[in-house]
Amino acid sequence: MANQAIQVERIYKTYADGTAAVNDVSFSVPEGSCFGFLGPNGAGKTTLMKMLFGMVRRDGRAETRVDVMGFDPAFQELPIKHLCGVVPQDDNLDSEVNVGANLFIYSKFYGLPAKEARARIAELLDFMELKEKAKAKVNDLSGGMKRRLVIARALMNRPRLLILDEPTTGLDPQVRQLIWDKVRALKREGVTVLLTTHYMEEAYQIADSIIIMDKGSRVLEGEPHELLAEGIEPWVLEVLDKEGITSCQDGPLSERIRCEVGESRAQFFSDHPESLRDLAAAFPSGRTHLRPTNLEDLFLRSTGRKLNDQQ
Amino acid sequence: MTSSSLYPSLASRLGSVWYRHFRTYTKDIVSNGFPPFMEPLIFLAGMGLGMARYIPNLVEMSYLQFLATGLLMTSSMFTAAFECTFGTFIRLEFDKTYDGMLAAPLTVSDVVLGEALWAGTKGAFFSLAVLIIISAFGIVGFLPALLTPIIGFLNGFLFAAIGLLVTSFVKNINHFNFFFTGLLSPMFMFCGTIFPIANLPAPLRVVAEFLPLTHPVRLGRVAALARGWKPSLLLDLAYVLAVAAVVMYFAVRRLSKRMVK
């Protein structure tokens, strides 16, 4: 078994206002793997991550054990922060100074000598494909470029652990692909990656293992492909039509098909795409869509509600 | 930092926070450097050319000297107080600057203390700016007065600490008005900056002795005139150091609860 970069046992967080943000969660992350936390806003993903580098104080409970690269964040936040890079949800860049200066200021936080910092900055700008932007003002950057700059900043000290809090929320597909490529490249170099996202696609693309969270608790945990294979039928036919909804409400169509009704659509799940294709013929063409199921369907099934209905 | 240590030293961490503020401030050095020189110039032109001629001199110095040497500390007080109230609040609530900084190997104490050291530096710079102006007008000598930026630093640090403590309570940026209008404006008037405390009624003299600006002003004036040194100034120095340390301690504690939930 690989060494564990992170081991968390029975962690809890209740905020001052009484909100139980994280409720008895345990997990461990092997070195060099990518671990994803999935769930809607308010599920406790960010709180959980912030507890790992001391930005949120966990509840003091006797049963809780936290080990991040050999340190406990409650008592040893500095060595952990020195070994990890964090990409927070907000792009908190210094808008007063240009791209290069943003990185140079950050290099000082790690105590890097100026010469070493300058070499590292050139390397990072190259890696994140921002080379031409070294002298650009932060406010002139696009959202995707800002995000890449924040990632470059997090990589300043060659982290062994990279923490990404919703790295691609609100970005266009090209930038997302680029960021995913970079994360995969870092993983190949042995960097452990921790990721929060509410994009199923993102978890599927880069995470080796995921926890699906809801309301501060763990709902499901496992390897994304396995979770899908075990948790839900591989195919779904979506019918955006009243007839679909009624036919679903009328009762089971066959043993091979399970169906669920939403507000304006019916979903027919099955292991057999051909049965669904036959079924689709019964509805007006253009109102049906046959596709493989994804983690979002699984999430819906596990929690009984849609992924983003709680904002 | 040595390669064997697990994280940068305290000095390196405080220095890096200071450097962050230095870089962002000096990026706009022309517009940021304008007020510290211009404001004393306007004030002295108005008061010195206009009003001062109606006011009799003091025993030890001219009224213009009294006023100009008071300005050394009010200028550093205001800049440090602004930096650590509005500045800190914006970094905390709007820019989320500290989220980025605290993700690096820095603690809340590093971030807060580094900020106060920076505000102290600005205080020194603002005192120096006033000194340059008033010495250019021949009101005091420049070289004999070179201790004043150091007093300006201590004064800046003191008001940074007070500003940070105030900020730790503030939820709405407009609430700083209570601090500026309620505490700093009266201090500007009644702490021996524009007239001697001795002219106040006895009970108010006692109040003035408790107010933080009184003591740096007393120190700064002696430093600027380079005469009038007396042992009681050590008490003023002790007041500045002690109050700054105690207030800073509580500011760090309270901001720590705010930054790390």
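Overview of values
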read-out	value
Residues listed by number, the stretch B:45-74, amide nitrogen under 12 Å from B:Ala198 label point at 7 Å toward C-beta	B:58-61
Probe 1.4 Å, protein heavy atoms only - accessible area per residue of the stretch B:218-261 in square angstrom	54 Å²
Label-reachable residues, the stretch A:185-227, where backbone N falls under 12 Å from a point 7 Å from A:Thr169's Cα toward its Cβ	A:196-199
Choice from A:Lys131, A:Lys215, A:Lys50 showing the highest fluctuation, given a GNM over chain A with Cα pairs closer than 10 Å	A:Lys131
Förster radius 51 Å - calculated FRET efficiency between B:Phe169 and A:Asp208, Cβ distance, rounded to 0.05	0.65
At most 13 other Cβ within 10 Å, DSSP loop - chymotrypsin sites (Phe, Trp or Tyr not before Pro), the stretch B:158-261	B:Trp229
The stretch B:52-92, accessible surface, carbon-and-sulfur percent (1.4 angstrom probe)	64 percent
Chains B and A together, accessible area buried on both sides, 1.4 angstrom probe, square angstrom	2700 Å²
Antiparallel bridge percentage (DSSP; both residues within chain A; nearest 5)	65 percent
With all protein chains modelled, accessible area of B:Glu93 [1.4 Å, Å²]	70 Å²
Solvent-accessible area, 1.4 Å probe, carbon plus sulfur percent, for the stretch B:164-261	74 percent
Chain B: most fluctuating residue of B:Leu165, B:Leu241, B:Leu71 per GNM, C-alpha cutoff 10 Å	B:Leu241
Gap separating the Cα centres of the stretch B:204-254 and the stretch A:249-288, nearest whole Å	80 Å
No Cys partner within the rule (Cβ under 4.7 Å), the protein assembly as shown	A:Cys34, A:Cys84, B:Cys84, B:Cys191
Backbone N under 11 Å from the A:Leu240 label point (7 Å along Cα→Cβ), restricted to the stretch A:272-302	A:286-289
Residue order for A:Thr288, A:Thr19 - accessible surface, 1.4 angstrom probe, largest first	A:Thr19, A:Thr288
Separation of the B:Ile42 and A:Asp59 label points, Cα + 7 Å toward Cβ, nm	5.6 nm
The protein assembly as shown, helix-only ellipticity at 222 nm - DSSP H runs n ≥ 4, -39,500 (n - 2.57), divided by all residues, nearest 500	-15000 deg cm²/dmol
Spin-label model distance (nm) - B:Arg53 vs B:Phe210, 7 Å beyond Cα toward Cβ	4.2 nm
Beta bridges by DSSP in the protein assembly as shown, antiparallel share as percent, to the nearest 5	65 percent
Relative contact order (percent, whole number), chain B, Cα cutoff 8 Å, 6+ residue spacing	25 percent
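The values are calculated or read from the model by the stated rules, or taken from the named source; none is laboratory data. What you see is a predicted model; the values in this text were computed from it and never measured. Because the Cβ atoms are built from the backbone with ideal geometry, glycine has one as well, and the counts that use them run over all protein chains shown. All accessible areas refer to the heavy atoms of the entire protein, side chains included, with ligands and DNA or RNA removed. Shrake-Rupley method; radii C 1.70, N 1.55, O 1.52, S 1.80 Å.
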